[in-house]
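Visitor: This is the structure I have questions about; it appears just below.
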Amino acid sequence: MSEPWRARALDNAFDRLGLHPGASRREIENAARASLDALELAIHGATEFQSVLGPRPRDAQGVREARSCLRDPEQRAREHLWWLLARELPESEAETDS
């Protein structure tokens, strides 16, 4: 998988909010609010989220973008595909993340 596609698959809105693609709209809103509050209060661990590669950086703008993306049905469907693709990467490709 080319680097831009791989990077995109590994940074999806569901992971940024710590959610599974089956999350309800309420769960999305709650996760986004909790993440934004934690970032604002500088709570330990708030500046990272778990991806298939482990911790990745999280900021308020990324949380807002993820929430906005998951509110739109078409964008949410695309994010679901990226989420699935990231989990299908061969481990050798996933381990080459920079």
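Visitor: Contact order normalised by length for the chain, with contacts defined as Cα pairs under 8 Å and 6 or more residues apart; what percent is it?
Guide: Reported as a whole number, the value is 38 percent.
Visitor: For Glu3 and Ser68, compute 0.36 nm times the residue count separating them, minus their Cα-Cα distance, and round to one decimal in nm.
Guide: Answer, rounded to one decimal: 20.9 nm.
Visitor: With label points built 7 Å along Cα→Cβ from the Cα atoms of Leu85 and Ala38, find their separation and express it in nm.
Guide: Taking the two extended label points, one gets 2.6 nm.
Visitor: Additional query: Taking H placed 1.01 Å from N in the peptide plane, check which residues at least 5 places from Phe49 or on another chain put their amide H under 5 Å from its amide H.
Guide: Arg56, Arg58
Visitor: Let me know the shape class of the chain, please: from the alpha-carbon gyration tensor, a ≥ b ≥ c as square roots of the eigenvalues, rounded when a/c is under 1.5, otherwise prolate if a/b is greater than b/c, or oblate.
Guide: Oblate is the answer for the chain, as a/c is 1.5 or above yet b/c matches or exceeds a/b.
Each reported figure results from applying straightforward, stated rules to the coordinates on display, with no laboratory input. Remember, predicted model here, so these are calculated numbers, not experimental data. Reconstructed Cβ throughout: ideal geometry from the backbone, glycine too, with neighbour counts over all protein chains shown.
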